[in-house]
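In what follows, a structure is listed as structure tokens, so that the remarks can point back to it.
The values are calculated or read from the model by the stated rules, or taken from the named source; none is laboratory data. Worth saying up front: this structure is predicted, and the values here are computed from it rather than measured. Positions of Cβ are generated from backbone atoms using ideal geometry, with glycine treated the same way; all protein chains shown enter the neighbour counts. Each accessible area value is taken on the protein alone, full model and side chains, heavy atoms only, with ligands, DNA and RNA left out. Shrake-Rupley method; radii C 1.70, N 1.55, O 1.52, S 1.80 Å.
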Amino acid sequence: MRRWPGTIGTFLVTPVALTGCAWLAQRQGTPVLLLGAFLAMVVLLGAWVMCGVGPGLGVAVSGFAFMLFVGPAMNDYVIDHRGVRHEAVVADTGSYYRKHGDGRTCRVVLTDTPKSSSYEVDDMTGCDDGLKPGRQVTLVADPDGWLVPRLSSEVDGVAPWLIRTCAGLLTMMEAFVLYGRLRRRRG
């Protein structure tokens with residue numbers, strides 16, 4: 001009977017805390033990323049201790065994988081539903097070196113606001129070879145400034161495979177929690 005509060009607490013707190021840590025990791029900047037990683041390690045270590053060595057390892061591995069997928073899924077969902085669309089024009093383009101080929105950056109300037117703000121987007125957020133200076137684009141920005149702005153070509157909502165992956169990893173993590181907390185222990 002004494003196991004139920006710990007079981008329910010681990011079962012409910014672990015996924016919620018890992019989702020929060022994954023959301024922290026969506027913010028650009030090393031201090032916030034390190035804070036999210038530290039908090040995730042504390043949560044996973046606590047779940048490991050609560051579940052025992054074998055199942056705890058399963059909780060830690062599946063919880064870490066869950067966190068890697070749920071962060072980008074929340075990012076896609078929030079920018080699609082809460083993002084503000086602005087008309088903009090490509091001001092200039094550039095490139096940078098990366099290990100597997102050159103990357104591309106674009107500086108876009110908003111044209112639909114009285115104050116002309118500029119944003120940097122890269123090839124991961126919509127800047128591709130087809131964009132030339134002077135081209136009209138639509139920029140989607142988070143009104144709170146938490147998420148990186150994207151060009152509208154990269155805002156499609158959450159991919160179905162990403163939802164299924166998050167659901168599968170969450171189910172696996174919770175199964176390890178239940179197994180670890182409810183199994184009979186000798187001694």
Original post:
Among the residues of the range 153-187, how many are at pLDDT 85 or above and polar (S, T, N, Q)?
Top reply: 2
Original post:
Just wondering, is there one or more residues in the range 100-109 that are at pLDDT 85 or above, of a type in the set (Val, Ile, Thr) and touching a Lys or Arg at 6+ places or on another chain (Cβ under 9 Å)?
Top reply: no
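Checking the conditions here, which among 53, 61, 49, 70 is within 19 Å of residue 167 (Cα to Cα) and free of Cβ contacts under 8 Å to residues at least 12 places away in the same chain?
Values: 53 fails: within 19 Å of residue 167 (Cα to Cα); 49 fails: within 19 Å of residue 167 (Cα to Cα); 70 fails: free of Cβ contacts under 8 Å to residues at least 12 places away in the same chain.
When all the criteria are applied, what remains is 61.
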Original post:
Filtering the range 98-121 down to residues that are open to solvent by 40 Å² or more (accessible area, probe 1.4 Å) and in contact (Cβ under 8 Å) with a residue 24 or more places away in the chain, which residue is nearest to residue 28 (Cα to Cα)?
Top reply: 119
**OP:** Filter the range 128-187 for residues that are open to solvent by 20 Å² or more (accessible area, probe 1.4 Å), within 15 Å of the chain's Cα centre (by Cα) and among the β-branched types (Val, Ile, Thr) and give the result.
**Re:** 148, 158, 163, 165
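Quick check on residue 35: is it over 24 Å from residue 163 (Cα atoms) and of a type in the set (A, V, I, L, M)? If you could, list the steps in order and put the result at the bottom.
Numbers: over 24 Å from residue 163 (Cα atoms): yes; of a type in the set (A, V, I, L, M): yes.
Judged against the criteria, residue 35 is a match.
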